[in-house]
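Remarks on the structure that follows.
The values are calculated or read from the model by the stated rules, or taken from the named source; none is laboratory data. The structure displayed is predicted, hence computed values, not measured ones. Using ideal geometry, Cβ is built from the backbone for each residue, glycine included, and neighbour counts are taken over all protein chains shown.
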């Protein structure tokens, strides 16, 4: 018999018993900072996948794995049981439409509520439009007590700027707050032009300190180092091209 | 238990008893003239917030306050009890989609009807594309009697132009008229390029005269003065840059 | 009590008794040819309005009349009782979204069916991208018998081109055909850059011959004449500007 | 009585009895490779149309045939009964919106399931951005066994690239896999700039070998040959224009 595809479909692989778990979200966004940070946490803490989320508001496509096998685009939920239980959320895409963004955030909060989540951390990037060598982590939260708490961990609050947080990282906090959940968004400064493991490293580092998680950051360090090498190479090529062009232009002057 | 987020959600803080209240709308739009004017009225008349409106057709984001605390984007209803009772509507955004614009306007009219609203003023800007030193207030209304009445207050009706009013300021009148409500749109002339407190001042001024409200306009005057200073400074910088460039170009001629 | 605004709302002013009426559609489109032609027929035949159609997929705005009074954007149905009964459809806009286009066409066909419509003429423009002095009327139809019939009236069928008819003029025929209705689309050749009463004149002329309607075309002739005068003036200004520029460039050569 | 137009409407001309039919999809896409390949199979195998699919998420238009007769845009299902039964799917358009893409793919899978489909081939183009003289056929599949099987037929799997398959060719595999169906996508390399019968030839050729179908490829060969002639002519014109321009520029140097 034919099965209908709902707007949003959840497939549970397991229904873990968790104690007041903290939800940590890192979906694709500015510099992919949030996604990189959560993926790092999942890997380091050997978190276990327990649910997949599919939506008709994701891009209508499959992704081809390196082995040639296709899979639908999706979001994934992982859990970790420890001193503090965690639910970690990452995925291929965010919803495409504004309406879909709201629907998806509410669905994620439904799931979180069912597992007893009362606290949410959403992770993302904070685009500066210029290269950032030493990215700081900026923040926003659902209440002033959390703001004060995070300041103690060195999180920067840009008090005179205001501004907004677009997408899941914003809506999970805003809609969660309307359900009585608390939470904060941690945003690593980044240029906004490239995927930024260096910024993700800072976000993962400060979050692990806040939560008392003992994780190594060496794999993000390695990715950041690799990125630095590539960037340096590109810059050096650019410099030599500019030099060459400049000298050619000077040559041309003699012709004129 | 999980709570679903409807397309539009109203949260009442209070259900005031109002006598034939007049609805005054000023949502973001051209030059933010309407929003500035209504915010000024709310402040001057110490109107009290009684309801918040959330919609999945608003941009999917939160706004970060200067204290680092986030909140969902929303529209807000205020009331004022006096010789004439008022409901004042302002907010962060209008609906993003055409369909959402219609839905939202109908929902606002539902609320207005429930409180006994029979008369609506919608406030906005009228973009001229050029700087306006002495903005006039132009109008449109649901019937010819109101047009004639407003002319007596100096409102300009551009009879030979026709044209339209896009968004909430238009739909509240048009859809309200279909429910038997009466109303008018007051539009302050503005360049359309900047937020314009000077134009908002004129709109607030004429509306307060029409409604017999005694309000000070000094805070809008101050904002307008500040804007004038900034604009003058920018122009002076532009002038000196043009002068400099011109003299440099003249210098270059001697080289050739 | 609050009244909800449906996606599409029909307000009947009258329910006329019509005998096998022919539906003639002319909504805004290329060169506004269809709209101009139907408006002309309505005026010349003194057709009477009997219904208004409102949709949340029209642009979210009101239109300001020359007297300063606003009205919702809408489509309008007129009828004419004569040797052949007619239903004439025109309006301010077509639906904005593809889905809305389908919904609206089906709703219009529902109404047409209720009045016993079995034959439909949809009117529009055929954009050529270049100025057309003597526009021909091109056609398309629901069946080959109508094609042959229309050829006798001088309608051109561009047999080697194929192509499509986008919007209401296309969907009313295509979806009508699926309900067993017959019909044709008459498209006046036009540049596609301007509102074109000259092309509308040809469409109205040939349709009135097909239907045996006796109407004067003088008001469209007058509009077309006016347009020709304006176009000629613009061209003459352009020519003198080009001349001036050319002579200035020639002057400059002597300087070099 | 008025009939409503559903979001998706299927009209069956016939309900054939098929034994474990294989679904082969070729809708418009990159280089129209998939559509050309399936149309070729339909023609060569004299497959019979048994169903038409209409959707309000297709472009809102009709298509005018060369005889002047209009028809709605649609997708079409054909069947072939032989050693292996086939269902072949092609059409004018894919759905316009992401949501519509999901709905349509699910509807197609519903139909396929009802006829007992367990295996799907989706055909498409693989855009390289440069001209391809000898296009290879690249692949992706729902499981590793099919990948290995297809490699034996010379299908290329770009293991280090990953990437995605957008639209029906991707979703039918991805959503089909979630229903327990198996399948593969065969993509002919193509520039992506033109309709490419040469690439479609390679896809049709390899698929017919996989399925053991005996078909002639001569009509696609002829179309490809024609395309080559046209392309060669365009290039030769371009070359002579470049030559002419170059020589004119050289002439100008003598003037200076």
- Message: Just to be sure before I move on: is residue A:44 out of contact with any strand residue (DSSP E or B) (no Cβ under 8 Å at 6 or more places or on another chain), in the same structural domain as residue A:87 (by TED's automatic domain parsing) and modelled with pLDDT of 95 or more in the structure I sent?
- Response: yes
- residue C:177: assigned to a helix (DSSP H, G or I) and in the same structural domain as residue C:84 (by TED's automatic domain parsing), yes or no? yes
- Item | Number of positions in region C:5-28 that are crowded, with 24+ Cβ neighbours inside 10 Å and within 14 Å of another protein chain (Cβ to nearest Cβ) | 2
- Task: Determine if region D:242-256 includes at least one residue that is within 14 Å of chain A (Cβ to nearest Cβ) and either assigned to a strand (DSSP E or B) or modelled with pLDDT of 95 or more (or both).
- Result: no
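Kindly indicate the residue of region A:115-138 that is in a strand (DSSP E or B) and more than 19 Å from residue A:32 (Cβ to Cβ) and also nearest to the other protein chains (Cβ to nearest Cβ) among those meeting that condition. Give the derivation first.
Pass one, region A:115-138, residues in a strand (DSSP E or B): A:119-127, A:137-138.
Subsequent filtering for residues that are more than 19 Å from residue A:32 (Cβ to Cβ) retains A:119-120.
Values: A:119: 15, A:120: 11 Å.
The selected residue is A:120.
Would you say residue B:210 is in contact (Cβ under 8 Å) with a residue 60 or more places away in the chain, part of a helix (DSSP H, G or I) and either more than 21 Å from residue B:94 (Cα to Cα) or within 13 Å of another protein chain (Cβ to nearest Cβ) (or both)? Break it down into steps so the answer makes sense when it comes.
Numbers: in contact (Cβ under 8 Å) with a residue 60 or more places away in the chain: yes; part of a helix (DSSP H, G or I): yes; either more than 21 Å from residue B:94 (Cα to Cα) or within 13 Å of another protein chain (Cβ to nearest Cβ) (or both): yes.
It is true that residue B:210 is in contact (Cβ under 8 Å) with a residue 60 or more places away in the chain, part of a helix (DSSP H, G or I) and either more than 21 Å from residue B:94 (Cα to Cα) or within 13 Å of another protein chain (Cβ to nearest Cβ) (or both).
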- Tell me, which residue of region C:159-198 that is at the interface with chain D (Cβ under 8 Å from one of its Cβ atoms) and within 28 Å of residue C:220 (Cα to Cα) is surrounded by the fewest Cβ atoms within 10 Å (Cβ to Cβ)? C:164
- Item | Flag if residue B:76 is in the same structural domain as residue B:171 (by TED's automatic domain parsing), over 19 Å from residue B:201 (Cα atoms) and under 17 Å from the mean Cα position of the chain (by Cα) | yes
- Is at least one residue of region D:15-24 assigned to a loop (DSSP other than H, G, I, E, B), free of Cβ contacts under 8 Å to residues at least 24 places away in the same chain and either more than 27 Å from residue C:178 (Cβ to Cβ) or not assigned by TED's automatic domain parsing to the domain that holds residue D:109 (or both)? yes
- Task: For residues that are in a helix (DSSP H, G or I) and either under 17 Å from the mean Cα position of the chain (by Cα) or more than 9 Å from chain D (Cβ to nearest Cβ) (or both), scanning just region C:149-158, find the one that is farthest from residue C:104 (Cα to Cα).
- Result: C:152
- Considering only region C:41-60, state which residues are assigned to a loop (DSSP other than H, G, I, E, B) and touching a residue at least 60 places away in the same chain (Cβ under 8 Å). C:45
- If we scan region A:142-154, do we find a residue that is touching a residue at least 12 places away in the same chain (Cβ under 8 Å), in contact with a strand residue (DSSP E or B) (Cβ under 7 Å, 6 or more places away or on another chain) and within 16 Å of residue A:37 (Cα to Cα)? no
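Mind listing whichever residues of region C:104-117 are over 15 Å from residue C:86 (Cβ atoms) and either crowded, with 19+ Cβ neighbours inside 10 Å or without any contact (Cβ under 8 Å) to a residue 40 or more places away in the chain (or both)?
To start, the set of residues in region C:104-117 that are over 15 Å from residue C:86 (Cβ atoms) comprises C:104-107, C:109-110, C:113-114.
Across region C:104-117, the qualifying residues are C:104, C:105, C:106, C:107, C:109, C:110, C:114.
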- What residue, among those in region D:29-60 that are over 20 Å from residue A:60 (Cβ atoms) and surrounded by 24 or more Cβ atoms within 10 Å (Cβ to Cβ), is farthest from the other protein chains (Cβ to nearest Cβ)? D:41
- Return yes when residue A:95 is buried (at least 23 other Cβ atoms within 10 Å of the Cβ) and more than 30 Å from residue D:185 (Cβ to Cβ) and no when it is not. no
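From the list A:207, A:211, A:227, A:217, exactly one residue is farther than 19 Å from residue A:41 by Cα and surrounded by 15 or more Cβ atoms within 10 Å (Cβ to Cβ). Which is it? Explain how you work it out, then say what you get.
Details: A:207 fails: farther than 19 Å from residue A:41 by Cα; A:211 fails: farther than 19 Å from residue A:41 by Cα; A:217 fails: farther than 19 Å from residue A:41 by Cα.
Among A:207, A:211, A:227, A:217, only A:227 is farther than 19 Å from residue A:41 by Cα and surrounded by 15 or more Cβ atoms within 10 Å (Cβ to Cβ).
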